[in-house]
1. Counting Lys and Arg as +1 and Asp and Glu as -1, what is the net charge of the other residues whose Cβ lies under 14 Å from the Cβ of N63?
2. Quick check: net charge around P75, other residues with Cβ under 13 Å of its Cβ, Lys/Arg +1 and Asp/Glu -1?
3. What does the charge count around S36 come to, taking other residues whose C-beta lies under 11 Å from its C-beta (Lys +1, Arg +1, Asp -1, Glu -1)?
4. Tell me which residues come under 5 Å, amide H to amide H, from H31 once H is placed; ignore anything under 5 positions away on its chain.
5. R0 = 41 Å: FRET efficiency of H69 with L2, Cβ-based, nearest 0.05?
6. Just from its helices, what would the mean residue ellipticity at 222 nm be for the chain, if runs of 4 or more DSSP H residues each count -39500 (n - 2.57) and the sum is divided by every residue, rounded to the nearest 500 deg cm²/dmol?
Amino acid sequence: MLSKVFSKLFIMPIRIYQYTLSPFLGQNCAHQPTCSNYAIGAINEWGVFFGLWLAIKRVIRCNPWWGTHGHDPVPLKEQN
């Protein structure tokens, strides 16, 4: 329960960015899903700490010089 609340606290600023700044900045992400949607998915799948780590690594990869592009989904936890 507490982890869900903690996750929502970190997802809220991303959602605010998506609805306020992102429409003015335009489509700049070379990946699908976008980096902000990837961050939300990573936090939901892995929790705040590892999810943020995955999101930071993704943003670093998302650049025009040496970055990656295309379909890059959040890695899923293995289901037993």
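Just so you know, all these numbers are worked out from the coordinates, no wet-lab data involved. Since we're looking at a predicted model, the values are computed, not measured. No Cβ is skipped: glycine too gets one built from the backbone with ideal geometry, and neighbour counts run over all protein chains shown.
1. Working: positive: K57, R58, R61; negative: D72.
So the surrounding residues net to +2.
2. Values: positive: K57, R58, K77; negative: E45, D72, E78.
Value of the local net charge: 0.
3. Computed value for this residue: +2.
4. Correct list: G70.
5. Details: r = 37 Å, r/R0 = 0.90.
Computed FRET efficiency for H69 and L2: 0.65.
6. Details: 4 runs with 49 residues, N = 80.
That comes out to -19000 deg cm²/dmol.
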